[in-house]
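Peer 1: Below: one structure in structure tokens.
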Amino acid sequence: MTYPTDLTPREQETARARLRKLAEEFTAGGTLRTPQWREVFQRTWRHPYVPAYYPALGAPALTALDPQRRGEWLDAVYSNETLITKVVWLPMTRELRPGAAPMWTSSSTMPSLVLNMLEALRVENEHRVLEIGTGSGYSTALLCERLGSQYVTSLDIDPELVDLAGERLAAQGYKPTLVAADGADGYRPGAPYDRIIATCAVPAIPPAWLAQASPGSVILADVRGPIGGTLARLTVDTAGTASGRFLPICASFMWLRHTPDIAVPASPPWLDGEPSESVSEIDPELIRSNGQFAFLLQWHLPGVTWGPIVYNGQPGVQLTAPDGSHVLAIGHRAGGSLVTQVGPTRLWERVRDAYELWQRAGQPTYERFGITATATEQFVWLDEPGGEHRWQLSSKVSAGGRMAVGPGGTGAHSV
């Protein structure tokens, strides 16, 4: 059977050259650290899994079928770029309707990040791997090429993605176990697993992953709150407790979904009231551009959402609490930033607490933080699990075994 992504001999030569060049760059940069993964990367095509992508949200797809832009398509596929592969149109928020806005729901992650994660997973021959987030199927193909299809199980909530990935993988000779299911539940028939890797973000490690992990196994996932996060690498002990540190890698994935349907984002509550104004020495640009400060900040602000804003030409941030309290912090002039707060939750005071801790601790980077996770309790810690500073992630599990999502507790670090 002929596929639209089948390459001519000349295109194959171009793709192979690009793979070799990327492998050299990734090796020099420290992304590719083992000969096994370098060889796997150079042997595994990416183009069968990305027959089309969206150059930008709202733009038409660029496909392998377009003879005028086929070269552009091939260049993009064999670049170190994340490519958007599925877009849905959602109604805009109630206040902004009528209209719809595009939202991307799947992508082919940039190869350097995929390889960084696979290297961090430290798989060995005959390891059984559970992948959460099949997506395009490219990372699944890399795992199959390294381990063999019989050792790879991959889940995705979107049945269409699972079907397409299955067809594309089979065409390349790979036949992993593919399941359309909620990734938070894992896949019990294939358990126990030696490695669990998630290409989606979670607010805490789902209990099912802990239950389905064999002693000594590794769990690798993007753990984050509404403000920021990055990859955590945890090792599971014989009691089913997972513990480990965040990696010094800036990574951000789409949230794990529990249903195939895309929910219209709910507008956060917004309290009206008498605003209070103050001037702060803290530059709101820290939240916008310093991922490591934002990472610490979110543990102090459980459930708080944020967004960048521009007011009278000055950049700033907006924070909104679950109770509708909000704060606007604008600009950073000689006298400081202008802060306007409304509601009973004084959000900027918590920002100040986080900032003072961040300074006292020497502006800690991702790898100084870690997670300890059991089926009933999870917390993030700074430097050591039993140290001075730690924040509760979750302490509730519902009747169905589903963990309550989002940072819990007060957000204040325990002393």
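The values are calculated or read from the model by the stated rules, or taken from the named source; none is laboratory data. Since the structure is predicted, the reported quantities are computational estimates derived from the model, not experimental observations. Positions of Cβ are backbone-derived with ideal geometry, glycine not excepted, and every protein chain shown enters the neighbour counts.
Peer 1: Filter region 362-415 for residues that are of a type in the set (S, T, N, Q) and assigned to a loop (DSSP other than H, G, I, E, B); which is modelled with the lowest pLDDT? Steps first, please.
Peer 2: Taking region 362-415 first, the residues of a type in the set (S, T, N, Q) are 363, 365, 372, 374, 376, 378, 392, 394-395, 398, 410, 414.
Subset that is assigned to a loop (DSSP other than H, G, I, E, B): 363, 365, 374, 376, 395, 398, 410, 414.
Working: Gln363: 96, Thr365: 94, Thr374: 91, Thr376: 87, Ser395: 36, Ser398: 33, Thr410: 27, Ser414: 24.
Out of the qualifying residues, it is Ser414.
Peer 1: Of all the residues that make up region 27-58, how many are in contact (Cβ under 8 Å) with a residue 40 or more places away in the chain, closer than 27 Å to Trp104 by Cα and surrounded by 17 or more Cβ atoms within 10 Å (Cβ to Cβ)? If you could, list the steps in order and put the result at the bottom.
Peer 2: Step one: list which residues in region 27-58 are in contact (Cβ under 8 Å) with a residue 40 or more places away in the chain, which gives 29, 31-34, 36-37, 40-41, 43-51, 53-54, 57-58.
Going one step further and asking which of them are closer than 27 Å to Trp104 by Cα, we end up with 31, 41, 44-51, 53-54, 57-58.
From the residues that got through so far, the ones that are surrounded by 17 or more Cβ atoms within 10 Å (Cβ to Cβ) too are 31, 41, 44-51, 53-54.
Within region 27-58, residues that are in contact (Cβ under 8 Å) with a residue 40 or more places away in the chain, closer than 27 Å to Trp104 by Cα and surrounded by 17 or more Cβ atoms within 10 Å (Cβ to Cβ) number 12.
Peer 1: Can you tell me which condition Gln172 does not meet? The list is (1) touching a Leu at 6+ places or on another chain (Cβ under 9 Å); (2) polar (S, T, N, Q); (3) surrounded by fewer than 21 Cβ atoms within 10 Å (Cβ to Cβ); (4) over 21 Å from Ser214 (Cβ atoms), and all the others hold.
Peer 2: The number of the failed condition is (1).
Peer 1: Of the residues in region 219-265, how many are in contact (Cβ under 8 Å) with a residue 60 or more places away in the chain and part of a strand (DSSP E or B)?
Peer 2: 15
Peer 1: For region 133-155, how many residues meet the condition of being free of Cβ contacts under 8 Å to residues at least 60 places away in the same chain, surrounded by 24 or more Cβ atoms within 10 Å (Cβ to Cβ) and in a loop (DSSP other than H, G, I, E, B)?
Peer 2: Result for region 133-155: 1.
Peer 1: Looking at Ser289, Ser280, Ser325, can you tell me which residue is outside the structural domain of Pro206 (by TED's automatic domain parsing) and surrounded by fewer than 14 Cβ atoms within 10 Å (Cβ to Cβ)?
Peer 2: Details: Ser280 fails: surrounded by fewer than 14 Cβ atoms within 10 Å (Cβ to Cβ); Ser325 fails: surrounded by fewer than 14 Cβ atoms within 10 Å (Cβ to Cβ).
Exactly one of Ser289, Ser280, Ser325 is outside the structural domain of Pro206 (by TED's automatic domain parsing) and surrounded by fewer than 14 Cβ atoms within 10 Å (Cβ to Cβ), namely Ser289.
Peer 1: Return the residues of region 349-390 that are farther than 21 Å from Cys250 by Cα, surrounded by 21 or more Cβ atoms within 10 Å (Cβ to Cβ) and in contact with a strand residue (DSSP E or B) (Cβ under 8 Å, 6 or more places away or on another chain); say none if nothing qualifies. Working first, answer last.
Peer 2: Of the residues in region 349-390, the ones farther than 21 Å from Cys250 by Cα are 349-353, 356-357, 360, 373-378, 384-390.
Restricting the remaining residues to those that are surrounded by 21 or more Cβ atoms within 10 Å (Cβ to Cβ) gives 350-351, 373, 378, 390.
Answer for region 349-390, where residues must be farther than 21 Å from Cys250 by Cα, surrounded by 21 or more Cβ atoms within 10 Å (Cβ to Cβ) and in contact with a strand residue (DSSP E or B) (Cβ under 8 Å, 6 or more places away or on another chain): Val351, Ala373, Gln378, Arg390.
Peer 1: May I ask you to list the residues in region 7-55 that are among the hydrophobic types (A, V, I, L, M, F, W, C), touching a helix residue (DSSP H, G or I) at 6+ places or on another chain (Cβ under 7 Å) and in a helix (DSSP H, G or I)?
Peer 2: Hits for region 7-55 are Ala15, Leu19, Leu22, Ala23, Phe26, Trp37, Val40, Phe41.
Peer 1: While we're on this one: Whether any residue in region 60-75 is touching a Phe, Trp or Tyr at 6+ places or on another chain (Cβ under 8 Å), within 18 Å of Ser136 (Cα to Cα), at pLDDT below 95 and loosely packed, with under 13 Cβ neighbours inside 10 Å is what I want to check.
Peer 2: No, because not a single residue in region 60-75 is touching a Phe, Trp or Tyr at 6+ places or on another chain (Cβ under 8 Å), within 18 Å of Ser136 (Cα to Cα), at pLDDT below 95 and loosely packed, with under 13 Cβ neighbours inside 10 Å.
Peer 1: Please specify each residue of region 274-288 satisfying the condition of being touching a residue at least 40 places away in the same chain (Cβ under 8 Å) and either among the basic types (Lys, Arg) or outside any strand (DSSP E or B) (or both). It would help to see each step written out before you state the result.
Peer 2: Of region 274-288, the ones touching a residue at least 40 places away in the same chain (Cβ under 8 Å) are 274-287.
Answer for region 274-288, where residues must be touching a residue at least 40 places away in the same chain (Cβ under 8 Å) and either among the basic types (Lys, Arg) or outside any strand (DSSP E or B) (or both): Glu274, Pro275, Glu281, Ile282, Asp283, Pro284, Glu285, Leu286, Ile287.
Peer 1: Of all residues in region 316-341, which are modelled with pLDDT under 90 and under 30 Å from Ile249 (Cα atoms)?
Peer 2: Going through region 316-341, the residues modelled with pLDDT under 90 turn out to be 331-336.
Selection gives Gly331, His332.
Peer 1: Look through Asn116, Asn125 and report the one residue that is closer than 20 Å to Arg38 by Cα, in a helix (DSSP H, G or I) and either of a type in the set (Phe, Trp, Tyr) or in the same structural domain as Pro206 (by TED's automatic domain parsing) (or both). Steps first, answer last, please.
Peer 2: Details: Asn125 fails: in a helix (DSSP H, G or I).
So the residue among Asn116, Asn125 that is closer than 20 Å to Arg38 by Cα, in a helix (DSSP H, G or I) and either of a type in the set (Phe, Trp, Tyr) or in the same structural domain as Pro206 (by TED's automatic domain parsing) (or both) is Asn116.
Peer 1: Here is a check on your reading of the model: is Pro269 modelled with pLDDT under 85 and assigned to a loop (DSSP other than H, G, I, E, B)? Quick ask: steps written out before the conclusion?
Peer 2: On the way: modelled with pLDDT under 85: yes; assigned to a loop (DSSP other than H, G, I, E, B): yes.
Against the criterion (modelled with pLDDT under 85 and assigned to a loop (DSSP other than H, G, I, E, B)), Pro269 qualifies.
Peer 1: Restricting to region 23-60, give me the number of residues that are within 23 Å of the chain's Cα centre (by Cα) and among the hydrophobic types (A, V, I, L, M, F, W, C).
Peer 2: 8
Peer 1: Got at least one residue in region 160-178 being closer than 29 Å to Pro268 by Cβ, assigned by TED's automatic domain parsing to the domain that holds Leu32 and under 20 Å from the mean Cα position of the chain (by Cα)?
Peer 2: Residues of region 160-178 closer than 29 Å to Pro268 by Cβ: none.
No: region 160-178 contains no residue that is closer than 29 Å to Pro268 by Cβ, assigned by TED's automatic domain parsing to the domain that holds Leu32 and under 20 Å from the mean Cα position of the chain (by Cα).
Peer 1: Residues Pro344, Pro302: which one is touching a residue at least 12 places away in the same chain (Cβ under 8 Å), under 23 Å from Pro268 (Cα atoms) and either more than 26 Å from the chain's Cα centre (by Cα) or assigned to a helix (DSSP H, G or I) (or both)?
Peer 2: Values: Pro302 fails: either more than 26 Å from the chain's Cα centre (by Cα) or assigned to a helix (DSSP H, G or I) (or both).
Unique residue meeting the criteria: Pro344.
Peer 1: Shifting gears a bit: List every residue pair whose Cβ atoms sit under 6 Å apart, with the two residues 6 or more apart in sequence or on different chains, where the first one lies in region 160-177 and is touching a residue at least 24 places away in the same chain (Cβ under 8 Å) and the second, anywhere, is crowded, with 16+ Cβ neighbours inside 10 Å and charged (D, E, K, R).
Peer 2: As it stands, the answer is Val162/Asp156, since those pairs meet every condition given.
Peer 1: Further, regarding this structure: Exactly one condition in (1) modelled with pLDDT under 95; (2) within 18 Å of Gly183 (Cα to Cα); (3) not hydrophobic (A, V, I, L, M, F, W, C) is not met by Pro91; state its number.
Peer 2: (2)
Peer 1: Can I ask one more? Restricting attention to region 308-318, does a residue exist that is aromatic (Phe, Trp, Tyr) and within 21 Å of Thr365 (Cα to Cα)?
Peer 2: Within region 308-318, the first condition is being aromatic (Phe, Trp, Tyr), and the residues that meet it are 311.
Restricting the remaining residues to those that are within 21 Å of Thr365 (Cα to Cα) gives none.
No; the residues of region 308-318 include none that is aromatic (Phe, Trp, Tyr) and within 21 Å of Thr365 (Cα to Cα).
Peer 1: Just the residues that are in contact (Cβ under 8 Å) with a residue 40 or more places away in the chain, more than 31 Å from the chain's Cα centre (by Cα) and part of a loop (DSSP other than H, G, I, E, B), please, taken from region 305-341.
Peer 2: Gly335
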